[in-house]
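Laboratory data are not the source of any read-out in this text; all were calculated from the coordinates shown. These numbers come from a predicted model, not from an experiment. Glycine also receives a Cβ, built like all others from the backbone with ideal geometry; neighbour counts cover every protein chain displayed.
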Amino acid sequence: MPWHLALLAGAYLIGSVPFSFMVARAFGVADVRRVGSGNVGATNVMRSAGKAAGLLALLLDACKGAAAALVVSSLAPTSSVLPALAALGAVIGHMYPPWLGFQGGKGVATGAGAFLLLAPYATLLAVGAFALVVAMTRYVSVGSMVGAVALAAATLILGSPPPVAWAATGAAALVIWRHRGNIVRLAQGREGRLGAPAR
């Protein structure tokens with residue numbers, strides 16, 4: 001049991017590496033939490049530090065999710081539960097990193113990277129849903145929530161292992177919870193669209 005807990009703690013710590021914060025700082029934004037939406041994620045990095053910075057942050061956040069799932073899958077190859085919990089742990093680490101006072105991002109890119117390894121077809125469907133919604137509305141927040149729900153639904157429909165489906169459902173719930181401020185701004189007509197500068 002301690003070995004299993006150590007694996008999950010490691011997945012959380014991998015997910016907690018604040019790549020978006022570090023990328024924004026490297027591109028001249030001292031603290032991405034104090035500009036735009038205040039979110040430590042790729043969209044806010046893109047708005048505040050530019051497209052290249054945002055894409056780099058997106059890639060690195062996705063890679064750390066994949067790394068967490070891959071490491072635990074490699075060290076516990078006979079378990080379907082531990083890699084699923086590791087994917088969820090990486091998402092939680094991104095959302096609540098100890099290095100930034102537990103003030104992190106919303107876990108979308110990290111979750112996509114983690115679940116791409118565990119449920120590739122479901123994740124690709126979710127990414128497609130995200131891209132379609134963003135293209136239609138230019139609201140990344142709406143696309144993120146739709147994509148998270150689509151991932152959870154697709155893991156169930158496509159017959160992913162139950163631990164993966166439950167972890168994806170948990171991740172979707174967390175993503176929506178982290179978007180509660182966006183939901184309020186959407187209702188008030190104040191939500192920023194993709195391409196709009198940080199305010």
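Some notes on this structure:
- Each stretch of four or more DSSP H residues adds -39500 (n - 2.57); spread over every residue of the chain, this sum gives -23500 deg cm²/dmol at 222 nm.
- Taking label points 7 Å from Cα along the Cα-to-Cβ direction, residue 26 and residue 80 give a separation of 3.8 nm.
- Each listed q (0.07, 0.16 Å⁻¹) maps to a log10 I(q)/I(0) for the chain, found by the Debye formula over equal Cα scatterers with no solvent: -0.18, -0.95.
- When peptides 39-49, 177-187 are sorted by average Cβ neighbour count within 10 Å, with the highest value leading, the order is 39-49, 177-187.
- Based on the Kirkwood approach, the hydrodynamic radius assigned to region 89-199 is 14.3 Å, with every pair of different Cα atoms included.
- Within the chain, the whole DSSP H helices whose Cα atoms reach 30 Å or more along their own axis and whose mean Kyte-Doolittle score is at least 0.0 are 51-75.
- Overall Cα dimensions of region 1-89, principal axis frame, Å, largest first: 43, 20, 18
- Protection proxy ranking of 146-153, 121-128 - average other beta-carbon atoms within 10 Å, highest first: 146-153, 121-128
- Linear extension gain, residue 52 paired with residue 185, 0.36 nm per residue minus alpha-carbon span: 45.2 nm
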